[in-house]
2 protein chains.
Amino acid sequence: MSDQPLTEGEIDLALSDLPGWSHANDRLERTWTFPGHLQALAAATGVGLLSERRDHHADLTVNYDKLRVSVTSHSAGDKVSAKDTDLARAVSDLLG
Amino acid sequence: MSDQPLTEGEIDLALSDLPGWSHANDRLERTWTFPGHLQALAAATGVGLLSERRDHHADLTVNYDKLRVSVTSHSAGDKVSAKDTDLARAVSDLLG
């Protein structure tokens, strides 16, 4: 998968198919709310499994029942690349 | 367990028995580094189990192989209380 940074237009196009995700500070981010803390941690572990398979890892923050997933591509100069939109799609498929 | 904010002296005394933890911005924080991403997520889940038993939850951040644990007491006006030093001790017992 390409390490090239996506253009603003390419990111907007990708986001149109990624409800709930936002683009800011060269990252794609989305926050989920779960019934409780352990469900949020289980979700984080699921995202981690997807990340390991891709060798591309999201930053994960759990605050009680909330999980924030944040992705950027260090290999693309800390910009958003196709690796991020691919991982975001997989995470949305996992977490709804 | 008391919801009263600890004094600066009480926090310093507690920290003397909590190697690696630091006190800043009315929080106790410590970061661990693990062999990989999934180990960091397993550790986060372990901290979550300790938190659930206490009904007192740490904020958890996983960046690849690193887990940051950050605690404060909303019930003590977002200050450090005995609930935080108790959870920090339990987390150190779990993660080393």
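Considering every residue within region A:29-38, establish whether at least one is over 21 Å from B:ARG68 (Cβ atoms), open to solvent by less than 40 Å² (accessible area, probe 1.4 Å) and hydrophobic (A, V, I, L, M, F, W, C).
Scanning region A:29-38 turns up no residue that is over 21 Å from B:ARG68 (Cβ atoms), open to solvent by less than 40 Å² (accessible area, probe 1.4 Å) and hydrophobic (A, V, I, L, M, F, W, C).
Got at least one residue in region B:12-25 being closer than 17 Å to A:VAL62 by Cα and surrounded by fewer than 19 Cβ atoms within 10 Å (Cβ to Cβ)?
The answer is no; no qualifying residue exists.
If you go through region A:40-55 one residue at a time, how many are open to solvent by 40 Å² or more (accessible area, probe 1.4 Å), in contact with a helix residue (DSSP H, G or I) (Cβ under 8 Å, 6 or more places away or on another chain) and either within 13 Å of A:ALA90 (Cβ to Cβ) or more than 7 Å from chain B (Cβ to nearest Cβ) (or both)?
Of the residues in region A:40-55, 4 are open to solvent by 40 Å² or more (accessible area, probe 1.4 Å), in contact with a helix residue (DSSP H, G or I) (Cβ under 8 Å, 6 or more places away or on another chain) and either within 13 Å of A:ALA90 (Cβ to Cβ) or more than 7 Å from chain B (Cβ to nearest Cβ) (or both).
Of the residues that sit in region B:58-76 and are open to solvent by less than 50 Å² (accessible area, probe 1.4 Å), of a type outside the set (A, V, I, L, M) and more than 30 Å from A:ASP55 (Cα to Cα), which one is farthest from the other protein chains (Cβ to nearest Cβ)? Let's see the steps before the verdict.
Keep residues of region B:58-76 that are open to solvent by less than 50 Å² (accessible area, probe 1.4 Å), which gives B:58-62, B:65, B:67, B:69-73, B:76.
With the extra rule that they be of a type outside the set (A, V, I, L, M), the set shrinks to B:59, B:61, B:65, B:70, B:72-73.
Now narrow it down to the ones that are more than 30 Å from A:ASP55 (Cα to Cα): B:72-73.
On the way: B:THR72: 11, B:SER73: 13 Å.
Per the stated criteria, the residue is B:SER73.
Tell me which residues, restricted to region A:74-91, are within 14 Å of A:SER2 (Cα to Cα) and under 11 Å from the mean Cα position of the chain (by Cα).
Answer for region A:74-91, where residues must be within 14 Å of A:SER2 (Cα to Cα) and under 11 Å from the mean Cα position of the chain (by Cα): A:VAL80, A:LYS83, A:ASP84, A:THR85, A:ASP86, A:LEU87.
Just checking: which of the strands (runs of 3 or more DSSP E) contained wholly in chain B hold 2 or more residues that are in contact (Cβ under 8 Å) with a residue 12 or more places away in the chain?
In chain B, the matching strands (runs of 3 or more DSSP E) lie at B:27-33, B:59-63, B:66-71.
Out of region A:27-39, which residues are more than 14 Å from A:ALA88 (Cα to Cα), more than 8 Å from every other protein chain (Cβ to nearest Cβ), in contact with a strand residue (DSSP E or B) (Cβ under 8 Å, 6 or more places away or on another chain) and not hydroxyl-bearing (Ser, Thr, Tyr)?
If the condition is that a residue be more than 14 Å from A:ALA88 (Cα to Cα), more than 8 Å from every other protein chain (Cβ to nearest Cβ), in contact with a strand residue (DSSP E or B) (Cβ under 8 Å, 6 or more places away or on another chain) and not hydroxyl-bearing (Ser, Thr, Tyr), then A:PHE34 is the only one that fits.
The values are calculated or read from the model by the stated rules, or taken from the named source; none is laboratory data. What you are looking at is a predicted structure, and each value in this text was computed from that prediction instead of being measured. In this analysis, Cβ positions are derived from the backbone assuming ideal geometry, glycine residues included, and neighbour counts consider all displayed protein chains. Only protein heavy atoms, including side chains, enter the accessible area calculation; ligands, DNA and RNA are left aside. Shrake-Rupley method; radii C 1.70, N 1.55, O 1.52, S 1.80 Å.
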